[in-house]
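FYI, it's all coordinate maths here, none of it is from the lab. This structure is a prediction, so every number in the text was calculated from the model and none was measured. Every residue, glycine as well, gets a Cβ built from its backbone with ideal geometry; the counts of neighbours run over all protein chains shown.
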């Protein structure tokens, strides 16, 4: 594996370095050709200036004979081929006709390099792309084309050096890899045995089993990390089992609470039935009173069943939100209007304060309407006649908030941690407390948290409470309509306010 990796890396490096040197060589050849072209132009210009009125290249496309003789001199060719180009060269002078280069019949010069290569240079069997230098400032504009043939370069020697260096590095890496592999193989045995034993004990039910840190500390880093991850996994597994056990205990408590809540209306109905059977039905007033009480108990059973079903679906994830980017004000206004009748019946002033501008956030209008209905109904129930319940909507930088404030009995500070618990009803305002199921605020909390928001309460004993719902602008949830949910007015608040 190490050898194959080294070979692949070496091939990649050589390929990339070769491409880099190819580009460097191309740039170097262009620079050499440009130097030759500039030298040719310098010679041509200096020679033609001596003969005033004689252009370097005439309009007929012929090179000035004096310039041609000067460029054909051996010493000039040595400078161009041996010093400037370090290559065999081909130089052509000519005119530009319509943007195309037309070489002069007497303007071609070839020169072979005769100087020995510098240390590290080798001759490359290639021909460079012709470089053309235009002289537009002359009386008759002309151009010089330079081509390098079989130049001397450092590319081959540089690539050979790199290949040799990679070979040495590869051999050293192989030796080190073999040494490290042999050392790790000896260090793996004991820690892996400890991990195997701990895994076996954990599989047999010993959730407290952990891998001793000292048994893997002397092993390889990977084994140490594996041991730590194993212990972390065992911790999480034990935590999960503890959570399951706590949920089981909570389920038992929940069933006990449900049984207790159901026992009261059932016992009352049984008593009314027995009294009617024993003769109380003969008295019309008594019969009417029993039937009215029975109706109230049946309504209590009905709302209790609805709230239990609703809370069970919320907790189990069966209720999915229909998230829509709508105006939150409309949702709140509709819920408040639905509670206006109850407020007038109890002679309580119900007011709504909303911003002038739309409050566009993604929310489920039906579920948020249920939240507002529960909180407003809760406030009305715990507010005395002539009191005031205020609903306010505020725009936030990253969402919105809804507050429902009343001037009722308030909540005992000792009861605040339990306000949103199931079946919890506070100790204040006993008349109102007896009319609810104790599930309203638990439902409110579940719906708000499904929206990615939070609900909190501020209270002053004897002066009222304020429930505040904070919603993000874009909940991290997928909006899916839950057509199976049961809607209905909420008749309680899970704790006294």
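Provide, as a two-decimal number, the C-alpha radius of gyration of segment 2-153 over 2.2 N^0.38 Å, N being how many residues it has.
Segment 2-153 yields a ratio of 1.30.
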### Summary
From fewest to most C-beta neighbours within 10 Å, the residues 1, 11 line up as 1, 11
### Summary
Dimensionless Rg/Rh of segment 60-137, both radii on Cα and Rh by Kirkwood, sits at 1.02
### Query
Which of 407, 249 comes first, and how do the rest follow, when ranked by fewest Cβ neighbours within 10 Å?
249, 407
### Query
Taking 0.36 nm per intervening residue step and subtracting the Cα-Cα distance, what contour gain separates residue 388 from residue 122 on full extension?
85.9 nm
### Query
Measuring from label point to label point, each 7 Å out along Cα→Cβ, what is the residue 182 to residue 341 span in nm?
9.2 nm
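What FRET efficiency, computed as 1/(1 + (r/R0)^6) with R0 = 30 Å and r the Cβ-Cβ distance, is obtained for residue 236 and residue 192, rounded to the nearest 0.05?
It comes out at approximately 0.85.
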## Note on the structure
In Å, the C-alpha Rg and Dmax of segment 1-67 are 24.0, 76
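With 10 angstrom as the radius, rank 451, 54 by how many other C-beta atoms surround their C-beta, starting from the fewest.
The fewest-first ordering by Cβ neighbours comes to 54, 451.
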### Query
Measuring from centroid to centroid over Cα atoms, what is the spacing of segment 106-131 and segment 355-379 in Å?
85 Å
### Length released on extending from residue 139 to residue 165, taking residue separation times 0.36 nm less the Cα-Cα span
3.7 nm
### Message
Using 0.36 nm times the number of residues separating residue 200 and residue 31, minus their current alpha carbon distance, what extension gain do you get?
### Response
53.6 nm
### Message
Suppose a student asked you for the relative contact order of segment 321-472, using Cα pairs under 8 Å spaced at least 6 residues apart; what percent would you report?
### Response
23 percent
### Query
Which percent of Cα pairs goes in each bin when the distances of segment 321-472 are cut into 10 angstrom slices starting at zero?
11, 44, 35, 10, 0
### Task
Please report how far the C-alpha centroid of segment 53-80 lies from that of segment 333-347, rounded to the nearest whole angstrom.
107 Å
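Cα convex hull of segment 93-154: mean projected area in nm², to one decimal? Write down the numbers at each step before the final one.
Details: hull surface 22.9 nm².
With every direction weighted equally, the projected area is 5.7 nm².
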